[in-house]
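I'd like to ask some things about the structure below.
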Amino acid sequence: MDNVERKIMQVLDKIRPYLNSEGGDLEFVKFEDGVVYIKMLGACLGCSAIDVTLKDGIESLLTAYVPEVIEVVNVIDEE
């Protein structure tokens, strides 16, 4: 894990308790070309506010604290 990924994980670890309190969670998948790929879990999957949480919450924090991050994308399993 490189330094950028370590910073990303630190921010995600600060966000996680808020998601957990609502029955949700997230999983870091990868960081590539400025994009953080995460998988939303638990209650986040069926939540109508997932886009707001993803873009206004998670993406805003990551781009503010980790300048290398330009976007956050939710990975959806095609099962």
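In vacuo Debye scattering of the chain, one point per C-alpha: log10 I(q)/I(0) at q = 0.25 Å⁻¹?
Each listed q corresponds, in turn, to -1.28.
Leaving ligands, DNA and RNA out of it, report the carbon-plus-sulfur percent of the accessible area of the chain at a 1.4 Å probe. Display every interim value, and only then the final one.
Values: 2560 of 4940 Å².
After summing per-atom areas, the C and S share lands at 52 percent.
Now for a separate question. Determine ³J(HN,Hα), in whole Hz, for all residues of the stretch 32-47 in sequence, where each value follows from phi through the Karplus function 6.51 cos²θ - 1.76 cosθ + 1.60 and θ = phi - 60°; x replaces Gly and Pro.
Taking θ as phi minus 60°, the curve returns 8, 6, x, 10, 9, 9, 10, 10, 7, 10, x, 4, 4, 4, x, 7 Hz for the stretch 32-47.
When Lys and Arg each count +1 and Asp and Glu each count -1, what net charge do the other residues less than 9 Å away from residue 40, Cβ to Cβ, add up to? Write out the running numbers ahead of the final one.
Working: positive: 39; negative: 25, 27.
My count for the surroundings of residue 40 gives -1.
Evaluate the charge dipole of the chain about its Cα centre and quote only its size in Debye, nearest 20, assuming +1 on the Cβ of each Lys and Arg and -1 on the Cβ of each Asp and Glu. List each step's numbers first, then the result.
Details: 7 positive and 16 negative charges, 73 e Å.
Using only the charged Cβ atoms, the result is roughly 340 debye.
Label points 7 Å out from Cα along the Cβ direction at residue 20 and residue 47: separation in nm?
Simple spin-label model gives 1.5 nm for this pair.
Another question, if that's okay. Per residue, how much accessible area does the chain have with a 1.4 Å probe, in Å²? If you can, show how the numbers build up before the last one.
Numbers: 4940 Å² over 79 residues.
That works out to 63 Å² for each residue.
Only Cα pairs under 8 Å and at least 6 apart count here; give the relative contact order of the chain as a rounded whole percent. Let's see the in-between values first.
Details: 90 pairs, mean separation 24.4, N = 79.
For the chain, the relative contact order is 31 percent.
Angle, helix 3-21 long axis vs. longest principal axis of the chain, Cα atoms, 0 to 90°, nearest 10?
Relative to the chain, helix 3-21 is tipped by roughly 20 degrees.
The values are calculated or read from the model by the stated rules, or taken from the named source; none is laboratory data. This is a predicted model, so every value here is computed, not measured. Virtual Cβ from ideal backbone geometry, glycine too; neighbours counted across all protein chains shown. For accessibility, only protein heavy atoms count, side chains too; no ligands or nucleic acids. Shrake-Rupley method; radii C 1.70, N 1.55, O 1.52, S 1.80 Å.
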